[in-house]
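Engineer: This is the structure I have questions about; it appears just below.
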Amino acid sequence: MRARATAALAATLLLTAIAGCSSDGSGQPRVAKAPEAPSGVGSAGPSPSPGRESYALGDTVDIAMSGHDFSVTAIAHKDRGVPGPPGLPADGQKWVLAEVKLCNKGGKALGVTPFAWSLAYADGSRMEPTHVSGSGVPLPMYPLEAMIRGGDCLRGNILFEVPEDYPRAQRVLYSPTGLDEPVEWVVPKG
């Protein structure tokens, strides 16, 4: 019985290795559906997700995803007296600023955009960044799109146009495509 179980396990591992390493001849990986479990075998239910972790402004968070290793930091949040280009923002609006930093710790280039960042408010609303340039904008600005080489960092300000009567944001969020849950930094009451 033990020899049969060992042989079955070896065959399963061999098939898994072949399926995981096969390609379609173009060098691109091929993905195949996994065999279904035999009937009568149930899968374990989902395990409870751990509590959502929040960080303080200034804390650095390491992320590994999609073959990239990098770190992100929400450095600061400012919602009063943020300058902007003449004539902006629109009437009834104000500028809110988040200063952020991203460091590529891996070996291949990493593309970044300010649109992976947002602000979360107590009423459940979220504000996405706006990108303006010109005189009066608080420098350095986080670039609209950039590639960061391995070992390099990018730091800059991201502007958000928010209704003037909005309270202070509760959290700064980082949620690039491919990340299951956003990383969040708590904005202190101020």
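The values are calculated or read from the model by the stated rules, or taken from the named source; none is laboratory data. Everything quoted here is computed from the prediction, not taken from an experiment. Neighbour counts are summed over all protein chains in view; Cβ atoms, including those assigned to glycine, are modelled from backbone coordinates with ideal geometry. In case anyone asks, the SASA skips ligands and DNA or RNA and just uses the protein heavy atoms, side chains included. Shrake-Rupley method; radii C 1.70, N 1.55, O 1.52, S 1.80 Å.
Engineer: Please go through region 83-96 and pick out each residue that is buried (at least 20 other Cβ atoms within 10 Å of the Cβ) and assigned to a strand (DSSP E or B).
Structural biologist: Trp95, Val96
Engineer: Please tell me if Asp79 is open to solvent by 50 Å² or more (accessible area, probe 1.4 Å) and among the acidic types (Asp, Glu).
Structural biologist: So Asp79 fails the test.
Engineer: Take region 103-115 and flag every residue that is among the aliphatic types (A, V, I, L, M) and buried (at least 21 other Cβ atoms within 10 Å of the Cβ).
Structural biologist: Matches in region 103-115: Leu110, Val112.
Engineer: Exactly one condition in (1) touching a Gly at 6+ places or on another chain (Cβ under 8 Å); (2) more than 24 Å from Asp69 (Cβ to Cβ); (3) of a type outside the set (Gly, Ala, Ser) is false for Glu145; which is it?
Structural biologist: (2)
Engineer: Would you please name the residue that is modelled with the lowest pLDDT, looking only at residues in region 56-66 that are under 14 Å from the mean Cα position of the chain (by Cα) and either open to solvent by 20 Å² or more (accessible area, probe 1.4 Å) or more than 25 Å from Lys189 (Cα to Cα) (or both)?
Structural biologist: Residue satisfying both the conditions and the ranking: Ser66.
Engineer: What pairs come up if the first residue lies in region 142-155 and is closer than 16 Å to Thr73 by Cα and open to solvent by less than 100 Å² (accessible area, probe 1.4 Å), the second is of a type in the set (Lys, Arg) and assigned to a loop (DSSP other than H, G, I, E, B), and their beta carbons are under 8 Å apart, counting only those six or more places apart or on different chains?
Structural biologist: From residues that are closer than 16 Å to Thr73 by Cα and open to solvent by less than 100 Å² (accessible area, probe 1.4 Å), the pairs are Gly151/Lys105.
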